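**Q** Handing you a structure now.
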Amino acid sequence: GAVVSQHPSWVICKSGTSVKIECRSLDFQATTMFWYRQFPKQSLMLMATSNEGSKATYEQGVEKDKFLINHASLTLSTLTVTSAHPEDSSFYICSARGDRGPGNTIYFGEGSWLTVV
Amino acid sequence: KQEVTQIPAALSVPEGENLVLNCSFTDSAIYNLQWFRQDPGKGLTSLLLIQSSQREQTSGRLNASLDKSSGRSTLYIAASQPGDSATYLCAFASNTGNQFYFGTGTSLTVIP
């Protein structure tokens, strides 16, 4: 079946630095990718939607200058957390809408745990 | 906006017991739903996907049902095992199929 891969699975970074998370569709072309985050004891919340070759659409309350999303190809989207702070520590997960599966099913990556110290 | 509620928040059962996890949603205009498993400190694993036109899906000891009229989905786990211990999340895709709305999860502990 379709696979969406995220890298890294775990990352620890120092406060003030930037960290990049990659989301790849391994065996299909992803025209649209989505980024979610999950704070402790809360549900996953959509951060932004990105379409290949265009700017991402951010949900209300998500700072676009802090969470940079690039969807430069049909198989890769990246989320860069700039000037990370401890409150950005969270579980980030991407999903991708492909060109296969019933109704162009959306497939989820396994997620990335970010800890900012 | 879709609201998703999972009850109970936590559940502890002895090994071998059959159990049901519940998920309710407010907007019946859904595209599909998925049940996920999340182990502590790890990512999501998709368990079952039910399209809007379907009523249930089965995979091994797992069975998920969808009742749009009542706004409910259930995940049935048969003959539970300690390895089933994890947090289970349900998520509904909006009618455009794009955005997913997640519940807060049910934390399951299966006691040997």
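Read the figures in this text as sums done on the coordinates, not as results from a lab. Note that this is a predicted model, so its numbers are computed, not measured. Reconstructed Cβ throughout: ideal geometry from the backbone, glycine too, with neighbour counts over all protein chains shown.
**Q** Using square roots of five times the C-alpha gyration tensor eigenvalues, list the equivalent-ellipsoid semi-axes of the protein assembly as shown in whole Å, biggest first.
**A** Taking √(5λ) for each eigenvalue gives 29, 21, 15 Å, largest first.
**Q** Kindly put B:LEU33, A:LEU114 in sequence by how many other C-beta atoms sit within 10 Å of each C-beta, fewest to most. Each step should come with its number before you reach the end.
**A** On the way: B:LEU33 25, A:LEU114 20.
Going from least to most buried by this count: A:LEU114, B:LEU33.
**Q** Now, a different point. Would you mind computing, in nm to one decimal, how far apart the modelled labels at B:SER12 and A:LEU68 are, each placed 7 Å from Cα along Cα→Cβ?
**A** Taking the two extended label points, one gets 4.7 nm.
**Q** Mean separation of Cα pairs under 8 Å and 6+ residues apart, divided by the residue count of segment A:14-92: what relative contact order is that in percent?
**A** Taking the mean separation of contacting Cα pairs over the length of segment A:14-92, I get 41 percent.
**Q** Shifting gears a bit: Please give the direction-averaged projected area of the C-alpha convex hull for segment A:1-106, in square nanometres with one decimal.
**A** The directionally averaged projection comes out at 6.9 nm².
**Q** Taking amide hydrogens as modeled 1.01 Å from N in the peptide plane, which residues meet the under 5 Å criterion relative to A:GLN29, leaving out close sequence neighbours?
**A** Result for A:GLN29 returns A:ASP99.
**Q** Same structure again: If you take each beta carbon of peptide A:31-43 and count the beta carbons of other chains within 10 angstrom, what is the mean? Spell out each step's value before the answer.
**A** On the way: counts 0, 2, 0, 3, 0, 5, 0, 6, 0, 0, 4, 3, 12.
That average works out to 3.
**Q** Can you list, by residue number, the Cys in chain A that have no neighbouring cysteine C-beta under 4.7 Å?
**A** A:CYS13
**Q** Here is a further query. Given a Förster distance of 22 Å, report the FRET efficiency between A:SER83 and A:ILE12 from their Cβ-Cβ distance, rounded to the nearest 0.05. Walk me through the numbers before you get to the answer.
**A** Working: r = 16 Å, r/R0 = 0.72.
That gives a FRET efficiency of 0.85.
**Q** While we're looking at this one, here's another question. When you take every Cα atom in chain B, what is the radius of gyration, and what is Dmax, the widest Cα pair distance, in Å?
**A** Reported Rg and Dmax, both Å: 13.4, 43.
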